[in-house]
1. Tally Lys/Arg at +1 and Asp/Glu at -1 over every other residue whose Cβ is under 14 Å from the Cβ of E120; what's the total?
2. Label points 7 Å out from Cα along the Cβ direction at N230 and D199: separation in nm?
3. Explain nothing, just the number: relative contact order of the chain, from Cα pairs under 8 Å at least 6 residues apart, as a whole percent.
4. Net charge around L70, counting only other residues with Cβ within less than 15 Å of its Cβ (Lys, Arg = +1; Asp, Glu = -1)?
5. Taking only pairs that are 8 or more places apart or on different chains, how many Lys pairs in the chain have Cα atoms under 22 angstrom apart?
6. Report the net charge of residues surrounding L152, where surrounding means a beta-carbon distance below 11 angstrom and charges are Lys +1, Arg +1, Asp -1, Glu -1.
7. Where does the chain land at 222 nm, in deg cm²/dmol rounded to the nearest 500, when only DSSP H runs of n ≥ 4 count, each adding -39500 (n - 2.57), divided by all residues?
8. Over the chain, how many percent of alpha carbon pairs lie in each 5 Å bin up to the one with the longest distance?
Amino acid sequence: MTYQHSQYYEDASIASVLADVARAHRILEIEGHADMSMGHLSYRDPFGRGLWLKRGNLALSEVEGDDFILIDFDGNVLEGTGLRHLEWPLHAEIMKARPDVNFVGHSHPHFATVLGASTEELKPYNNHGIWFAYEGVPRFAETCHIITTVPLGVAAAKALGNAQALLLANHGVAFVGKTVPEVTLAGIFLEKAARFQVDLKASGFTPIEPDPEEAKEKFDRIYPPKAQHNFWTFFNRRLDRVEALQGIGISQISLPPGV
């Protein structure tokens, strides 16, 4: 199977976008975001009705194009069947606060959650951390609980501000994007940057923190739209190879050599 990015489809329907969002779920599973049936991405409905949210009781690795429900910004289910995730207010309130955001993700990746359970600030120590050079990654520490109420969703959205990712203290992360590739890369790079930082601190080495302005220039240089598309299609090719071996719905623990 050869992956085709949806921007090249003549039909820019909701279904074709959700097919990409489903693939994003499965890519995130491979890239360290798996946690049983927890975790979900959403897509802002292009007709202003609310948002399309992954239905509950599915692992990230199990999500396909029809595994979404449409809810309004008050949480009412408008289309689709299946369980509505309890944390819908996190998605709804971020989208209400951020009109530039079309996609919201929430998951429990190990290393980013470790970082979020500390007072450590994510730094641009490596190329993945550079993704967050402009706005950083704030922390929402008002609660360690899941975001199941509108007031908590409002508070989390406020903590996120203009950033592309948010550490949820003792809980997990949220991440956002204008496009499917952008939200997916934000989630992947957040976990990779957190893992690098945890390893660096554990090594006992003295970290070298890049100059903030140079870090921003580096982001502009290495992550233009063309590069983002290239990385997105790389992760899709990787997904195709994994699923060709194991099928959809199998959580990949370790990849065979060369995959």
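1. Within the 14 Å Cβ shell, the charges total +1.
2. The modelled label-to-label distance comes out at 2.2 nm.
3. On the way: 475 pairs, mean separation 54.0, N = 259.
This gives 21 percent for the chain.
4. Details: positive: R44, R49, K54, R55, R84; negative: D45, D66, D67, D72, D74, E79.
Charge balance near L70 sits at -1.
5. Lysine pair count for the chain: 20.
6. Taking every Cβ under 11 Å from that of L152, the sum is -2.
7. Calculated from helices alone, the mean residue ellipticity at 222 nm is -12500 deg cm²/dmol.
8. All Cα pairs, binned at 5 Å, distribute as 1, 6, 14, 18, 20, 18, 13, 7, 3, 1, 0 percent.
Only the coordinates and a few stated rules stand behind these numbers; no lab work does. Source: prediction; values computed, not measured. Don't worry about glycine lacking a Cβ; one is built from the backbone with ideal geometry, like all the others, and counts go over all protein chains shown.
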